[in-house]
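Notes follow the structure.
The values are calculated or read from the model by the stated rules, or taken from the named source; none is laboratory data. In this text, all values refer to a predicted model and were calculated from it rather than measured experimentally. So basically every Cβ, Gly included, is an ideal-geometry build from the backbone, and we count neighbours across all protein chains shown.
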Amino acid sequence: MHGQITLILCLIILYTSCSYRKHKSQSKYVTIIPYGNISQEITDSLTVAIKRQYGYKTILMSADTLPSAFINKEKGIRYSASNTIDYLKGLKHDTVSFVVGITDADIYITKKDKYSNIKQPANKYKVWGIFGLAYKPGVSCIVSIRRLIHTNRGIMLSRIKKITLHEIGHNHGLHHCQNKTCLMTDAVETISTIDNANEALCNDCMQQISSAF
């Protein structure tokens with residue numbers, strides 16, 4: 001009887017250990033999938049930024065194209081960000097924690113009011129171009145560089161890093177932050193807000209992630 005109890009305890013410890021190692025393994029990796037013409041300079045800078053802020057290693061996939069079914073042509077060619085993050089979620093491998101899509105295409109959402117109607121004026125907000133979108137919490141996000149272009153390469157790369165880290169923050173469950181220098185600040189429909197933010201989470205947001213993970 002004593003031998004059976006010992007065996008059961010050993011199996012429980014082994015199972016717990018394996019589950020823990022699986023969780024730890026998943027927590028170490030983020031998959032980056034480029035869509036369109038995304039330079040190595042951009043993906044390299046994201047690899048460094050993600051490691052520095054969240055501690056994740058990255059797995060860079062080959063460049064691909066977004067599904068044409070996600071295109072809306074009312075304001076030129078824009079891809080549905082909502083459909084895209086759902087699509088990316090389906091591409092996530094069990095061994096990674098998050099999937100980040102980075103694209104040179106324009107992406108959009110339909111902005112809604114508190115009654116779930118299209119925000120007015122509808123012709124402005126039905127196909128509303130955005131910088132990025134993520135599940136909150138969730139495992140996937142999409143970032144578009146289309147609205148982040150700047151003649152100064154350093155400023156452009158900083159914007160891309162901030163938006164990407166911001167969306168990964170939402171994946172962790174973080175809400176928009178009232179601290180205007182925190183990278184989780186709300187862009188409030190303008191790029192200047194992003195330019196004024198740091199490339200790092202504030203202490204309060206960092207504590208939220210630390211307590212949750």
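See the values below:
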| item | result |
| --- | --- |
| Qualifying residues in region 167-186 (those that are surrounded by fewer than 19 Cβ atoms within 10 Å (Cβ to Cβ) and not polar (S, T, N, Q)) - the one farthest from VAL100 (Cα to Cα) | LYS180 |
| Boolean, LEU201 is touching a residue at least 60 places away in the same chain (Cβ under 8 Å), within 16 Å of the chain's Cα centre (by Cα) and in a loop (DSSP other than H, G, I, E, B) | yes |
| Qualifying residue in region 65-74 (condition: touching an Asp or Glu at 6+ places or on another chain (Cβ under 7 Å) and polar (S, T, N, Q)) | no |
| Qualifying residue in region 134-155 (condition: aromatic (Phe, Trp, Tyr), crowded, with 22+ Cβ neighbours inside 10 Å and closer than 23 Å to LYS92 by Cβ) | no |
| Sole residue being modelled with pLDDT of 95 or more, under 15 Å from the mean Cα position of the chain (by Cα) and of a type in the set (A, V, I, L, M), chosen from ILE160, ILE155 | ILE160 |
| Helices (runs of 4 or more DSSP H) contained entirely in region 1-99, each with at least 1 residues that are at pLDDT below 95, of a type outside the set (Ser, Thr, Tyr) and within 21 Å of ILE142 (Cβ to Cβ) | 2-26 |
| Test result for SER97, of a type in the set (Gly, Ala, Ser), in contact (Cβ under 8 Å) with a residue 60 or more places away in the chain and buried (at least 16 other Cβ atoms within 10 Å of the Cβ) | yes |
| Scope region 140-185; condition farther than 19 Å from ASN196 by Cβ and touching a Leu at 6+ places or on another chain (Cβ under 8 Å); matching residues | SER140, CYS141, ILE142 |
